[in-house]
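Trainee: Encoded as structure tokens, here's the structure I'll be asking about.
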Amino acid sequence: MKKILIALLLCVSVVITMQAQDYRYEVGAGVGMSGYLGDVNKSNVLQSPGLAGGLVFRYLPSTRWAVKASATVAGISGNSAENNMVFPDGQTYSFNSTLCDVGAQIEFNFLNYGIGATYMKLKRITPYATLGLGGVYASASGKSSFTMNIPMGVGVKYKLKERLNLGFEFTMRKAFGDKLDGLSDLNGVKSSFGKNTDWSSFAMFTITYEFSKRCRTCHYVD
């Protein structure tokens with residue numbers, strides 16, 4: 001009996017030590033490339049790439065799930081002449097727009113992400129899928145607009161050190177409106193959520209730092 005109690009105490013102490021490396025939150029920054037699909041570019045999101053940069057904050061409830069908030073500033077542009085597009089009035093259209101995008105996403109890690117705790121089969125690298133809800137303010141050619149959007153995408157995370165993470169994420173963001181480019185209804189087709197709306201995309205590299213160790217009282221992990 002005494003040996004069993006000693007073994008249990010050793011197991012508890014090991015688990016507590018491993019869990020002590022866990023943190024609640026993650027904060028960092030990202031930089032990358034932005035793209036656009038809309039009235040003057042229907043098929044190639046990489047045609048006129050822009051620069052994107054922003055801040056990232058994550059809440060980490062488990063090794064499989066994360067809740068992320070982000071704020072990103074990006075530039076998008078397009079030119080119908082590059083796509084040989086013909087509009088009813090015979091004109092060509094081009095634009096440059098600045099986007100301010102904010103939102104929240106849920107991330108699902110395909111592997112248990114972390115370092116240590118071998119019994120949990122933690123991995124230093126994992127792919128993940130993400131889905132969320134956001135809003136974007138666009139300013140193009142003196143015109144401004146705001147609309148909601150749905151970010152969806154995939155990414156990969158790599159734990160460089162215990163609290164330091166590198167990541168890459170590609171998301172497509174479906175806007176609820178048709179004015180990210182300052183243009184709308186160029187073919188005389190009214191937009192709706194499922195038709196003739198704009199998309200933006202972000203391909204972002206991030207670096208984040210974890211903080212705030214989980215609370216422990218009487219071996220209870222809060």
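The values are calculated or read from the model by the stated rules, or taken from the named source; none is laboratory data. Since the structure is predicted, the reported quantities are computational estimates derived from the model, not experimental observations. Virtual Cβ from ideal backbone geometry, glycine too; neighbours counted across all protein chains shown. Surface areas here come from the heavy atoms of the whole protein model, side chains and all, with no ligands, DNA or RNA. Shrake-Rupley method; radii C 1.70, N 1.55, O 1.52, S 1.80 Å.
Trainee: Say whether the condition of being closer than 30 Å to residue 162 by Cβ, of a type in the set (A, V, I, L, M, F, W, C) and not in a strand (DSSP E or B) is met by at least one residue in segment 50-63.
Mentor: Yes: segment 50-63 contains one or more residues that are closer than 30 Å to residue 162 by Cβ, of a type in the set (A, V, I, L, M, F, W, C) and not in a strand (DSSP E or B).
Yes/no matrix, rows are residues, columns are (1) more than 22 Å from residue 204 (Cβ to Cβ); (2) among the hydrophobic types (A, V, I, L, M, F, W, C); (3) open to solvent by 80 Å² or more (accessible area, probe 1.4 Å):
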residue	(1), (2), (3)
51	no, yes, yes
66	no, yes, no
120	yes, yes, no
137	no, no, yes
157	no, no, no
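Trainee: Just one of 222, 178 is at pLDDT below 95 and within 23 Å of residue 96 (Cα to Cα); which is it? I'd like the intermediate steps shown before the answer.
Mentor: On the way: 222 fails: within 23 Å of residue 96 (Cα to Cα).
So the residue among 222, 178 that is at pLDDT below 95 and within 23 Å of residue 96 (Cα to Cα) is 178.
Trainee: Return yes or no: is residue 92 hydroxyl-bearing (Ser, Thr, Tyr), surrounded by 14 or more Cβ atoms within 10 Å (Cβ to Cβ) and part of a loop (DSSP other than H, G, I, E, B)?
Mentor: For residue 92, the condition - hydroxyl-bearing (Ser, Thr, Tyr), surrounded by 14 or more Cβ atoms within 10 Å (Cβ to Cβ) and part of a loop (DSSP other than H, G, I, E, B) - is met.
Trainee: Now, a different point. Can you tell me which residues in segment 122-135 are touching a residue at least 24 places away in the same chain (Cβ under 8 Å) and open to solvent by 70 Å² or more (accessible area, probe 1.4 Å)? Explain how you work it out, then say what you get.
Mentor: Taking segment 122-135 first, the residues touching a residue at least 24 places away in the same chain (Cβ under 8 Å) are 122, 124-135.
Scanning segment 122-135 gives 124, 125, 131, 133.
Trainee: Within segment 83-99, how many residues are hydrophobic (A, V, I, L, M, F, W, C) and closer than 9 Å to residue 181 by Cβ?
Mentor: Qualifying residue count for the region: 1.
Trainee: Quick one: residue 105 ticks every box in (1) open to solvent by less than 10 Å² (accessible area, probe 1.4 Å); (2) over 14 Å from residue 179 (Cβ atoms); (3) more than 11 Å from the chain's Cα centre (by Cα) except a single one, so which number is it?
Mentor: (3) is the only condition that residue 105 fails.
Trainee: Being modelled with pLDDT of 90 or more and aromatic (Phe, Trp, Tyr) narrows it down to one residue among 193, 146; which is it?
Mentor: The unique qualifying residue is 146.
Trainee: Let me ask you something else. Select from segment 139-155 the residues that are of a type in the set (A, V, I, L, M) and either outside any strand (DSSP E or B) or open to solvent by 50 Å² or more (accessible area, probe 1.4 Å) (or both) and write down the one among them that is nearest to residue 106 (Cα to Cα).
Mentor: Looking only at segment 139-155, we keep the residues that are of a type in the set (A, V, I, L, M), and these are 140, 148, 150, 152, 154.
If we keep only those that are either outside any strand (DSSP E or B) or open to solvent by 50 Å² or more (accessible area, probe 1.4 Å) (or both) too, we end up with 148, 152, 154.
Details: 148: 17, 152: 10, 154: 11 Å.
Once the filter is applied, the top-ranked residue is 152.
Trainee: Quick one: residue 97 ticks every box in (1) under 24 Å from residue 185 (Cβ atoms); (2) of a type outside the set (A, V, I, L, M); (3) modelled with pLDDT of 95 or more; (4) surrounded by fewer than 19 Cβ atoms within 10 Å (Cβ to Cβ) bar one, so which box is it?
Mentor: Condition not satisfied by residue 97: (4).
Trainee: Shifting gears a bit: Looking only at segment 18-45, filter to residues that are under 19 Å from residue 179 (Cα atoms) and open to solvent by 50 Å² or more (accessible area, probe 1.4 Å); which one of those is modelled with the highest pLDDT?
Mentor: Taking segment 18-45 as the starting set, the residues that turn out to be under 19 Å from residue 179 (Cα atoms) are 34-45.
Still in the list and also open to solvent by 50 Å² or more (accessible area, probe 1.4 Å): 42-44.
Details: 42: 86, 43: 86, 44: 90.
Result: 44.
Trainee: Applying the selection to segment 20-49, what residues are aliphatic (A, V, I, L, M), part of a strand (DSSP E or B) and under 21 Å from residue 206 (Cβ atoms)?
Mentor: 27, 29, 31, 33 - these are the residues of segment 20-49 that are aliphatic (A, V, I, L, M), part of a strand (DSSP E or B) and under 21 Å from residue 206 (Cβ atoms).
Trainee: Does residue 74 fit the bill of being at pLDDT below 95, farther than 30 Å from residue 120 by Cα, open to solvent by less than 60 Å² (accessible area, probe 1.4 Å) and not in a loop (DSSP other than H, G, I, E, B)?
Mentor: no
Trainee: Follow-up question, since we're still on this one. Mind listing whichever residues of segment 103-138 are at pLDDT below 95 and within 16 Å of residue 171 (Cβ to Cβ)?
Mentor: none
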